[in-house]
Each structure stands twice: as structure tokens, then as C-alpha cells.
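J.: There's a structure below that I have some questions on.
The values are calculated or read from the model by the stated rules, or taken from the named source; none is laboratory data. Note that the structure is a prediction, hence the values are computed from the model and not measured. Here the Cβ positions follow ideal geometry from the backbone for every residue, glycine too, while neighbour counts run over all protein chains shown. For the accessible areas, the whole protein counts, side chains as well, though only heavy atoms, and no ligand, DNA or RNA atoms are used. Shrake-Rupley method; radii C 1.70, N 1.55, O 1.52, S 1.80 Å.
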There are 2 protein chains.
Amino acid sequence: MSAKPRIERAALEVFAAHGVDGATTKLIAARAEVSEGAIYRHWKSKDELAIGLFMAAHKRLSDLIEAEAGAVHGVEAKAAALVKAYCTAADEDWTLFSFHLLQLHHFLPYYQDDGRDPVTLVETIIKYAMLKMELPPGDPRVVAAMAIGVITQTAQNRAYGRLGEDALSAHAGLMTAAVQAVLKAR
Amino acid sequence: MSAKPRIERAALEVFAAHGVDGATTKLIAARAEVSEGAIYRHWKSKDELAIGLFMAAHKRLSDLIEAEAGAVHGVEAKAAALVKAYCTAADEDWTLFSFHLLQLHHFLPYYQDDGRDPVTLVETIIKYAMLKMELPPGDPRVVAAMAIGVITQTAQNRAYGRLGEDALSAHAGLMTAAVQAVLKAR
DNA sequence: CGCTTGCAAGTAAATGCTCACATACTGGTC
DNA sequence: GACCAGTATGTGAGCATTTACTTGCAAGCG
């Protein structure tokens with residue numbers, strides 16, 4: 001098999017485990033069973049590799065949110081769809097999503113806020129629902145953070161090995177109920 | 001003033017901003033206005049410095065949880081007390097708590113689980129409340145993760161500058177209501 | 001051939017850390 | 001108080017190692 005996809009997989013694993021700064025090109029190459037030089041045939045630098053991988057996950061997640069939220073009506077339904085979609089996607093490519101989840105803060109300076117990052121999208125949905133009186137009023141930034149936190153912290157704890165090996169989807173029902181409760185709580 | 005506390009402050013800031021691996025001893029020394037050698041008068045290595053700072057925050061948070069939860073009866077009251085206490089402590093020493101929050105994953109391998117880390121403590125409280133029928137049954141690990149996520153994600157977004165400069169306590173009421181809703185949701 | 005992909009050895013720079021030296025504090029003795 | 005040894009604290013030049021990245025060469029392939 002060609003080296004590029006093997007490098008991508010290996011890099012995701014190493015970045016997720018050690019962080020971008022803690023990961024070494026040697027380790028990535030070793031895990032991909034490839035020489036270090038091979039990395040630089042496909043990427044200009046370690047950082048470009050990391051940013052490329054992160055942005056792929058970031059865009060995939062943003063697209064997912066837009067698609068799922070656009071397909072149904074009402075915040076309740078949107079919340080349920082989003083939770084389920086996130087769980088499914090994460091289970092399908094856990095390496096990619098745990099990397100995205102755990103290393104988010106490293107890439108904050110990089111993605112320009114065009115309003116298409118996951119957090120802003122959720123904020124927008126909530127703001128709109130408040131306007132339509134579907135939700136009680138409140139700071140949409142905080143409500144969005146709290147609702148997202150229900151998902152991300154659960155996923156993080158799974159990544160840390162605190163929840164066993166069950167798929168994230170196994171908890172989708174509980175998480176959906178919790179998110180909907182957060183949205184309405186005041 | 002002596003160098004040690006200045007180094008500690010500088011290290012917290014640099015670790016929080018760049019991560020433990022991304023932080024350099026040169027940068028820490030420069031920010032503390034101290035020579036690099038001064039660091040090694042007080043700590044054996046950069047990692048020991050980082051671990052010391054983290055463990056101090058970790059223990060302080062654990063003690064806080066035990067004290068606050070032990071002082072009142074009933075999950076509802078415990079939840080309210082914990083949220084308020086965390087917000088107050090975080091506002092009092094935001095540098096310390098944002099470092100703890102953002103770099104947690106770096107130190108996971110280090111703290112042995114004697115059941116006294118914050119997450120396990122919350123899990124125990126929830127498990128006990130379920131036994132006493134104060135809460136509907138459900139996986140306590142997941143419920144704890146979700147409840148904690150409400151707080152941590154909000155605090156993280158504040159650290160990322162997404163919530164303005166308001167104190168975290170400004171949102172304590174909203175967060176308390178959300179946490180209590182999560183605990184009861186099913 | 002021409003082009004892409006991979007390797008092995010190597011390089012320059014950065015990083016964590018050390019060490020010889022200087023200075024400031026501490027407490028006991030006269 | 002004056003003296004002084006002993007210790008703790010800070011400096012800054014520098015060392016060994018690691019790290020990201022480069023380069024010359026060869027193999028596969030249309």
C-alpha cells in the first residue's frame with residue numbers, strides 16, 4: 001500500500017496520544033513503517049500535516065451539523081439528530097474524532113471564524129430557537145457551550161478509557177435527553 | 001521578590017498557552033524575568049515543575065469537592081454547591097484553573113486513581129444518590145461526565161475568549177440549573 | 001525516458017539541563 | 001554590634017542530545 005494513507009493514520013494516533021508538540025516525526029514514521037523522508041514527500045512540515053488532518057475533521061463535522069440540522073424542524077429534533085450523527089461519525093472513525101476532540105485547543109488560532117465552525121453553528125441554531133420562542137431566553141453562547149459540553153466530556157472520558165469499550169452511540173439516548181434538558185433549563 | 005513564586009506564575013501562563021511540551025524553559029524564565037538556571041534551583045526538571053503545579057490544582061479541586069459536597073444534603077444541593085464553589089475558585093485564580101482545565105489530558109498517566117480525583121468523586125456522589133432513589137437509575141459514569149461537561153466546556157469557552165471577560169460566576173445560576181436538569185434527565 | 005515515491009544518512013538549530021562562580025541570607029560566638 | 005562560616009539562591013555561558021527537515025540516490029511505472 002502507498003505510504004500517504006498509512007502516514008495519515010499513524011499521525012492521527014500519535015497526535016491524539018502525545019499532542020502535536022509532543023509527537024515526533026520519528027515516531028509517526030515508525031508507526032507508519034515508513035522512513036521520515038516519506039512524510040516530506042506529501043507535506044511541507046509537521047505542522048502542515050497536523051493542520052491538514054485537523055481541518056479535514058473540522059470541516060467534516062461542520063458539514064455534518066449543517067446537513068443534519070437543516071434536515072429537520074424544531075430544536076428538539078435538531079438536538080436529537082445532531083447527537084446521533086456525532087456519535088455515529090465518531091464511532092465510524094474514532095481515531096479522527098478523538099484527535100479532533102483532544103487537540104482542538106492547539107488549532108484555535110488557525111481556523112478563521114467564518115461562522116462555520118461547529119460551536120458557532122450550534123450557537124446560531126439556539127439563538128434562532130430563542131427568537132421563535134421554542135426555548136426560554138438566555139445567553140446563547142453559554143447555553144451552546146453547556147449543551148456541547150454534555151457530548152464532548154462524555155466523548156473525552158471514553159477516550160481516556162473511563163467508559164469501557166462500548167461505542168459512543170450506546171449512550172446516545174441518555175445524551176440526547178440530557179442535551180434537551182440543558183436547552184430548556186433555566 | 002524571590003524567584004520561585006514568579007517562576008510558578010510564569011510557568012502556569014506559559015503551560016496554559018502553549019501546552020507542557022510546547023512550552024520552553026527559556027520562555028518561562030523570560031516571562032518570570034529570571035535566568036533559566038533559577039528554575040533548576042527549585043525543580044529537578046521541566047516536567048517536575050509542570051506536574052507539581054498540576055497536582056496542586058488537582059488536589060485543591062478534589063478537596064473543594066469533598067468539603068462542599070460533605071457540607072450539604074441531597075444531590076440538588078450538592079450540585080448547586082459544587083458549581084458555585086468551582087466558579088468562585090476559578091475566578092479567584094483563573095490562571096491556575098485554566099491551566100488545569102486545558103492541560104488535564106497531559107497528566108492523566110500521572111495521578112493514580114485512589115478515587116480522590118474530581119471525576120471519580122462526582123461519580124460516587126451520583127451513584128449514592130441513585131441508590132437513595134434521589135435520581136433515576138442510569139450509568140453513573142456517563143451521567144457524571146455529562147454533568148461535568150456542562151461546567152468544563154463553559155469554562156473552556158471562556159478560556160478561549162468566546163464568552164467575553166465576565167467572571168465564570170456570572171453564569172453560575174444558569175450552569176446550576178443545567179447540571180440539575182442533566183442529573184434528572186433520562 | 002520522465003516523473004513520482006520512497007529511503008538512509010546527514011545538517012543546522014533548538015532545547016533541556018549543568019556547572020563554575022557570585023551574591024545574599026542565617027545563626028552562632030565573641 | 002562585629003565577625004564569619006555555612007547554606008540557599010541566582011547567573012549566564014555552554015554542553016549533549018534531540019528534532020524537524022534536506023539531499024543524493026535508487027526503484028517502480030506509464
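J.: Kindly flag which residue pairs out of B:LYS84/B:LYS184; B:LYS26/B:LYS59; A:LYS26/B:LYS26; A:LYS127/B:LYS127 have an alpha-carbon separation exceeding 23 Å in this structure. Please report the intermediate quantities before stating the final value.
T.: Numbers: B:LYS84/B:LYS184 19 Å; B:LYS26/B:LYS59 28 Å; A:LYS26/B:LYS26 25 Å; A:LYS127/B:LYS127 35 Å.
Checking Cα-Cα distances, B:LYS26/B:LYS59; A:LYS26/B:LYS26; A:LYS127/B:LYS127 exceed 23 Å.
J.: Estimate for me the total accessible surface buried between chains A and B (protein heavy atoms, probe 1.4 Å, no ligands or nucleic acids), in Å² to the nearest 100.
T.: Details: alone 10020 and 10030 Å², together 17000 Å².
For A against B, buried area totals roughly 3100 Å².
J.: As an exercise, use a Förster radius of 56 Å and the Cβ-Cβ distance of B:ARG9 and A:LYS26 to find the FRET efficiency, rounded to the nearest 0.05.
T.: Values: r = 34 Å, r/R0 = 0.62.
Computed FRET efficiency for B:ARG9 and A:LYS26 comes out at 0.95.
J.: Continuing with the same structure: Which value, in Å², gives the accessible area per residue of region B:55-184 when a 1.4 Å probe is used on the protein heavy atoms? Mind showing how you got there, number by number?
T.: Numbers: 5520 Å² over 130 residues.
With the other protein chains kept in place, region B:55-184 gives 42 Å² per residue.
J.: If you don't mind, there's one more thing I want to ask. Might you work out the accessible area of A:PHE97 for me, using a 1.4 Å probe with all protein chains in place, and round it to the nearest 10 Å²?
T.: 10
J.: Of the accessible area of the protein assembly as shown, with the probe set at 1.4 angstrom, what percent is carbon plus sulfur? Before the final figure, lay out the partial values.
T.: Details: 9460 of 17000 Å².
So the carbon and sulfur contribution to the accessible surface is 56 percent.
J.: Using a ≥ b ≥ c from the Cα gyration tensor of chain A (square roots of the eigenvalues), is it rounded, prolate or oblate, where a/c under 1.5 gives rounded and otherwise the larger of a/b and b/c decides, a/b for prolate?
T.: Working: a/c = 2.56, a/b = 1.98, b/c = 1.29.
Judged from the Cα gyration tensor, chain A comes out prolate (a/c at least 1.5, a/b above b/c).
J.: Rg to Rh for the protein assembly as shown: what is it, with Cα atoms only and Rh by Kirkwood? Could you put the intermediate results ahead of the total?
T.: Working: Rg = 21.1 Å, Rh = 21.8 Å.
When Rh is taken as the Kirkwood radius, the ratio is 0.97.
J.: Checking the cross-link filter: which aspartates and glutamates have an alpha carbon closer than 18 Å to that of B:LYS4, excluding same-chain neighbours under 8 positions apart?
T.: Of all the aspartates and glutamates, those that pass the test against B:LYS4 - Cα under 18 Å, at least 8 places apart if same chain - are B:GLU13, B:GLU33, B:GLU36, B:ASP47, B:GLU48, B:ASP93.
J.: For peptide A:135-142, compute the average count of partner chain beta-carbon atoms within 10 Å of each residue's beta-carbon.
T.: On the way: counts 0, 0, 0, 5, 6, 0, 7, 13.
So the per-residue partner count for this stretch is 4.
J.: Counting other Cβ atoms within 10 Å, keep those with at most 12, restrict to DSSP loop, and tell me which trypsin sites (Lys or Arg not before Pro) in region A:124-178 are left. Walk me through the numbers before you get to the answer.
T.: On the way: sites: A:LYS127, A:LYS132, A:ARG141, A:ARG158, A:ARG162; in loops: A:LYS132, A:ARG162.
For trypsin sites (Lys or Arg not before Pro) across region A:124-178 that sit outside H, G, I, E and B with at most 12 neighbouring Cβ atoms in 10 Å, the list reads A:LYS132.
J.: A further question follows. Based on DSSP loop calls and a cut-off of at most 13 other Cβ atoms within 10 Å, the longest stretch of chain B free of exposed GluC sites (Glu not before Pro) is what? Before the final figure, lay out each step's value.
T.: On the way: sites that count: B:GLU33, B:GLU165.
Within chain B, the longest run free of exposed GluC sites (Glu not before Pro) spans B:34-164.
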